[in-house]
1. Checking residue B:14 against (1) of a type in the set (Val, Ile, Thr); (2) closer than 22 Å to residue B:145 by Cα; (3) away from chain A (no Cβ under 11 Å), only one condition comes out false. Which one?
2. If you go through the stretch B:8-33 one residue at a time, how many are in a helix (DSSP H, G or I) and either in contact with a helix residue (DSSP H, G or I) (Cβ under 6 Å, 6 or more places away or on another chain) or on the phi > 0 side of the Ramachandran plot (or both)?
3. Hey, residue B:45 hits all of (1) out of contact with any strand residue (DSSP E or B) (no Cβ under 6 Å at 6 or more places or on another chain); (2) basic (Lys, Arg); (3) not in a loop (DSSP other than H, G, I, E, B) but one; which does it fall short on?
4. Restricting to the stretch B:63-115, and then to whatever is outside any loop (DSSP other than H, G, I, E, B) and of a type in the set (Lys, Arg), can you tell me which residue is farthest from the other protein chains (Cβ to nearest Cβ)?
5. Mind listing whichever residues of the stretch B:30-40 are within 11 Å of chain A (Cβ to nearest Cβ) and touching a strand residue (DSSP E or B) at 6+ places or on another chain (Cβ under 7 Å)?
6. So which residues in the stretch A:124-144 are within 12 Å of chain B (Cβ to nearest Cβ) and assigned to a strand (DSSP E or B)?
7. Which one is farthest from residue B:62 (Cα to Cα) among residues in the stretch A:17-29 that are of a type in the set (S, T, N, Q) and more than 7 Å from chain B (Cβ to nearest Cβ)?
8. Spot the failing condition for residue B:190; the list is (1) at positive phi; (2) at pLDDT 95 or above; (3) acidic (Asp, Glu), and only one is missed.
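The values are calculated or read from the model by the stated rules, or taken from the named source; none is laboratory data. Because the structure is predicted, anything quoted here is derived from the model rather than measured. Quick reminder, even Gly has a Cβ in these numbers, built from the backbone with ideal geometry, and neighbours come from all protein chains shown.
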2 protein chains.
Amino acid sequence: MEQLKQQIRQHGIVLSEQVLKVDAFLNHQIDPLLMQQIGAEFARRFRDQGIDKVLTVEASGIAPALMTALALGVPMIFARKQQSLTLSGKLLSARVYSFTKQVESTIAISAQHLAAGERVLIVDDFLAHGQAALGLAAIVRQAGASLAGIGIVIEKAFQPGRAQLEKLGCRIESLARIDSLAGGRVSFVD
Amino acid sequence: MEQLKQQIRQHGIVLSEQVLKVDAFLNHQIDPLLMQQIGAEFARRFRDQGIDKVLTVEASGIAPALMTALALGVPMIFARKQQSLTLSGKLLSARVYSFTKQVESTIAISAQHLAAGERVLIVDDFLAHGQAALGLAAIVRQAGASLAGIGIVIEKAFQPGRAQLEKLGCRIESLARIDSLAGGRVSFVD
């Protein structure tokens, strides 16, 4: 997706060979027009999959998931990272390790908002080691729902996430695939 | 805002005289079309205020703030509740006490994304005691920016938040004002 790659080239900051900071437009400050285009692009790529619901995890996944759900005309649900007082009732949960923050946390949704048989599209801002998406996929399985696809805004293709997710057997679409951050420079796949 | 009140009446669950659960459409599962209407309504109410940026706090504020920013054609930024590894550099922060979760936490944004003189609209999903909005207003002050307004999706008018925020001297707009949750029933102001 060319507009996204342009923003990454212009405003992305390479912090290390592993870490790309995109908090000027994607996951801290957000460019709403770019996010709308991201949602439209995911909708275009997954429109033939009969999606019933878009699933993500707080906080950075909310914006792209919301715009995708709006474009598809379906509800969005975001998993919470810790149980809040108002997230009561039966939960579906998974343990997720964050390599970035070096902590393991539980992510959970209310069971009542994901029904058996529903076709779910997982959307997230980054794919690195794939832990968040695997946790969300585990929640989809617990619900008896069906994983219809995974949409990733920025994939770090030099990290092992995609190989992990391919075992799930669904379509995976990334809007920008980064080949390398070596030398402080962003190189895209292709 | 009538569509919002209808959703609250249909899908809101009164957990106690203090707590209204709206996680079927607003802050866990999200109805993207309603959220788009919420954004359009905030944009309509604040369009004459010369807004440069919409500010909120993760996670529940992100969806309404994003849709408002899209409708106004300006960037959105969300404060993070704890410092992540990629939120580096100079921070603007405030301590916020959550009466719901009964914990105090720090919320912060990168100083580089809020400039002196910018006119800021704060958007959040709920107004109860006003602590989150007061923390965001403190961040606006630290940046030397100007608080142009506060937009709240659901105001619990029987709690002291509005009185706290009125001291800030800006326009406050709530899309649904709840007078009481007594008897397990939602009563709106008016």
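1. Every listed condition holds for residue B:14 apart from (2).
2. So the first thing to find is which residues in the stretch B:8-33 are in a helix (DSSP H, G or I), and the list is B:8-11, B:32-33.
Of the ones still in play, those that are also either in contact with a helix residue (DSSP H, G or I) (Cβ under 6 Å, 6 or more places away or on another chain) or on the phi > 0 side of the Ramachandran plot (or both) are B:32.
Adding up the residues that qualify gives 1.
3. (1)
4. Looking only at the stretch B:63-115, we keep the residues that are outside any loop (DSSP other than H, G, I, E, B), and these are B:63-72, B:76-80, B:91-98, B:103-113.
From what is left, the residues that are of a type in the set (Lys, Arg) are B:80, B:95.
Numbers: B:80: 7, B:95: 19 Å.
If we take residues in the stretch B:63-115 being outside any loop (DSSP other than H, G, I, E, B) and of a type in the set (Lys, Arg), then B:95 is farthest from the other protein chains (Cβ to nearest Cβ).
5. B:30, B:32
6. Within the stretch A:124-144, the subset within 12 Å of chain B (Cβ to nearest Cβ) is A:125-126, A:128.
Residues satisfying the conditions are A:125, A:126.
7. Going residue by residue through the stretch A:17-29, those that are of a type in the set (S, T, N, Q) are A:18, A:27, A:29.
After this cut, where a residue has to be more than 7 Å from chain B (Cβ to nearest Cβ) as well, the list is A:18, A:27.
Working: A:18: 27, A:27: 11 Å.
Among those that are of a type in the set (S, T, N, Q) and more than 7 Å from chain B (Cβ to nearest Cβ), it is A:18.
8. Result: residue B:190 passes all but (2).
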